[in-house]
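One structure below.
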Amino acid sequence: MHKPIFYDSSIIGFLLVVGSVIAWLALNPQSLPRPTQQILLWSAVVGWITIFYGSFIEPRFLVVKQTKIQLQSTETKAARHTAKTPSNEPKPGTRPLRLGLITDLQVGPYKKRAFVEKVVKKMMEEKPDIILIGGDHVDDFEVKISYLEPLKELHAPLGVFAVLGNHDYGIDEHGDQYAPHNYAEELTERFKDWGIEMLINEGRLIRDGDRAFGLLGTDDIWTGRADVATALSQLASPSDTPAEPLPIIILSHNPEIVNSTGRLRADLILSGHTHGGQIRLPFLGAVPPLPHKLGRQFDKGLFTVGKSQLYISSGVGESGVRARLFVPPSIDLLEIEF
């Protein structure tokens with residue numbers, strides 16, 4: 001039995017059984033002592049509503065999470081410009097870069113073309129300067145690459161770039177193939193046709209008016225081939241390199257890449273992979289184990305790791321069970337100050 005069928009059967013079975021218990025308790029109020037009957041009844045009602053909401057309602061939402069990020073290297077640069085620039089003149093680099101981030105679409109049995117269209121429409125409404133797509137474009141089962149075709153409608157002045165994730169390869173944390181298909185090559189070809197540049201251990205110099213930054217995209221870390229140094233070496237030819245050190249932004253599906261940068265400078269690392277835990281509870285955070293070795297605190301949001309900043313998106317899709325709870329599907333608009 002395919003996992004989606006197993007999970008859906010389990011959810012429906014739970015709802016039917018608990019629904020029957022609720023009906024029996026409501027229709028037989030004298031069957032148990034009233035305090036016990038009330039506790040059981042309301043516990044069952046809360047459980048039923050939670051499972052139904054998490055399985056069939058919250059996964060249909062789509063929110064835009066806006067976050068302001070100041071690159072750490074910006075502080076030094078700002079101090080230098082303050083000494084040069086009169087107070088009545090605008091300081092260079094004061095307009096934030098509007099970066100749109102989409103991760104973990106995971107089209108398949110739960111997310112199909114219509115939801116991708118919704119994601120694209122919502123992202124284009126935000127008018128980002130650049131759009132990055134952070135891997136896990138497909139799920140493991142019942143995948144149709146055509147579900148992703150609406151991505152060709154993504155456009156941004158500085159370009160649209162993507163990387164691959166573990167689900168795109170169908171591999172686990174040991175690099176072993178567990179899914180029936182490896183979609184990485186087909187995804188790369190389709191994205192190219194749609195005007196989206198797939199970065200696999202590659203770097204690009206992105207110029208935005210009178211400023212520039214380096215964008216690095218790595219292969220998924222579970223392939224064993226993620227190589228930040230190679231991506232950095234391909235950033236630009238010496239003639240293209242600005243006099244000042246470039247801010248470096250790394251796009252990599254798995255946030256564990258933060259442990260692979262070594263002594264290489266990375267101002268900002270953008271990842272997904274965790275789904276924000278996918279199932280969360282108030283005050284407890286993520287319920288399932290997170291699929292990385294960084295620690296449970298690295299579930300979603302912005303973190304400082306050494307001299308780098310790490311941003312983990314909650315993403316759009318679901319993996320395993322068709323559920324999200326207290327972490328709705330989201331795309332990110334990051335306002336980055338240089």
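Tell me which residues, restricted to the stretch 298-317, are at pLDDT 95 or above and part of a loop (DSSP other than H, G, I, E, B).
Taking the stretch 298-317 as the starting set, the residues that turn out to be at pLDDT 95 or above are 298-303, 309-317.
Selection gives PHE298, ASP299, LYS300, SER313, SER314, GLY315, VAL316, GLY317.
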**Message:** List the residue pairs whose Cβ atoms are under 6 Å apart, where the first residue sits in the stretch 197-223 and is buried (at least 21 other Cβ atoms within 10 Å of the Cβ), the second is among the charged types (D, E, K, R), and the two are 6 or more positions apart or on different chains.
**Reply:** LEU215/ARG204; GLY217/GLU202; ASP219/ARG225; ILE221/GLU256; TRP222/GLU173
**Complete set of residues in the stretch 185-196 that are within 23 Å of VAL120 (Cβ to Cβ), over 18 Å from the mean Cα position of the chain (by Cα) and not aromatic (Phe, Trp, Tyr)** = GLU186, THR188, GLU189, ARG190, LYS192, ASP193, GLY195
**Fill in**
How many residues of the stretch 259-294 are outside any loop (DSSP other than H, G, I, E, B) and in contact with a Gly (Cβ under 8 Å, 6 or more places away or on another chain)? The answer is 8
**Search result, residues across the stretch 258-307 that are surrounded by fewer than 17 Cβ atoms within 10 Å (Cβ to Cβ), in contact with a Phe, Trp or Tyr (Cβ under 8 Å, 6 or more places away or on another chain) and either within 28 Å of LEU232 (Cα to Cα) or hydroxyl-bearing (Ser, Thr, Tyr) (or both)** = GLY301, LEU302
**Request:** Output the qualifying pairs, or none if there are none: Cβ atoms under 6 angstrom, residues six or more apart or on different chains, first residue in the stretch 120-143 and assigned by TED's automatic domain parsing to the domain that holds HIS181, second residue polar (S, T, N, Q).
**Result:** GLY134/THR103; ASP136/GLN106; ASP139/GLN106
**Asked** Somewhere in the stretch 48-67, is a residue modelled with pLDDT under 95 and acidic (Asp, Glu)?
**Response** no
**Message:** With the requirement that a residue be modelled with pLDDT of 95 or more, surrounded by fewer than 23 Cβ atoms within 10 Å (Cβ to Cβ) and on the phi > 0 side of the Ramachandran plot, what does the stretch 106-132 give you?
**Reply:** LYS127
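Any residue that is in contact with a helix residue (DSSP H, G or I) (Cβ under 6 Å, 6 or more places away or on another chain) and under 22 Å from LEU101 (Cβ atoms) - is there at least one of those in the stretch 206-217?
Taking the stretch 206-217 first, the residues in contact with a helix residue (DSSP H, G or I) (Cβ under 6 Å, 6 or more places away or on another chain) are 216.
Subsequent filtering for residues that are under 22 Å from LEU101 (Cβ atoms) retains 216.
Within the stretch 206-217 (the criterion being in contact with a helix residue (DSSP H, G or I) (Cβ under 6 Å, 6 or more places away or on another chain) and under 22 Å from LEU101 (Cβ atoms)), the answer is yes, since at least one residue qualifies.
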**Complete:** Cβ pairs under 8 Å, 6+ apart or interchain, first in the stretch 263-283 and more than 30 Å from PRO247 (Cα to Cα), second acidic (Asp, Glu) and surrounded by 24 or more Cβ atoms within 10 Å (Cβ to Cβ), ordered by first then second residue, are GLN278/GLU318
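Return a yes/no flag: does the stretch 157-175 have any residue that is polar (S, T, N, Q), surrounded by fewer than 20 Cβ atoms within 10 Å (Cβ to Cβ) and on the phi < 0 side of the Ramachandran plot. Write out each step before concluding.
Going residue by residue through the stretch 157-175, those that are polar (S, T, N, Q) are 166.
Within this subset, residues satisfying the condition of being surrounded by fewer than 20 Cβ atoms within 10 Å (Cβ to Cβ) are none.
No, that holds for no residue.
Out of the residues in the stretch 318-338 meeting the condition of being small (Gly, Ala, Ser) and crowded, with 19+ Cβ neighbours inside 10 Å, tell me which one is modelled with the highest pLDDT. Steps first, answer last, please.
Start the filter on the stretch 318-338 by keeping residues that are small (Gly, Ala, Ser), which leaves 319-320, 323, 330.
With crowded, with 19+ Cβ neighbours inside 10 Å added as a condition, the list becomes 319, 323, 330.
Details: SER319: 89, ALA323: 94, SER330: 98.
Per the stated criteria, the residue is SER330.
Residues to consider are GLU117, GLU142; find the one that is out of contact with any strand residue (DSSP E or B) (no Cβ under 6 Å at 6 or more places or on another chain) and closer than 20 Å to PRO328 by Cβ. Let's see the steps before the verdict.
On the way: GLU142 fails: closer than 20 Å to PRO328 by Cβ.
Selected residue: GLU117, the only one of GLU117, GLU142 that is out of contact with any strand residue (DSSP E or B) (no Cβ under 6 Å at 6 or more places or on another chain) and closer than 20 Å to PRO328 by Cβ.
The values are calculated or read from the model by the stated rules, or taken from the named source; none is laboratory data. If you're wondering where the values come from, they're calculated on a predicted model, not measured in any experiment. Counting neighbours? That spans all protein chains shown, and the Cβs are built from the backbone with ideal geometry, glycine included.
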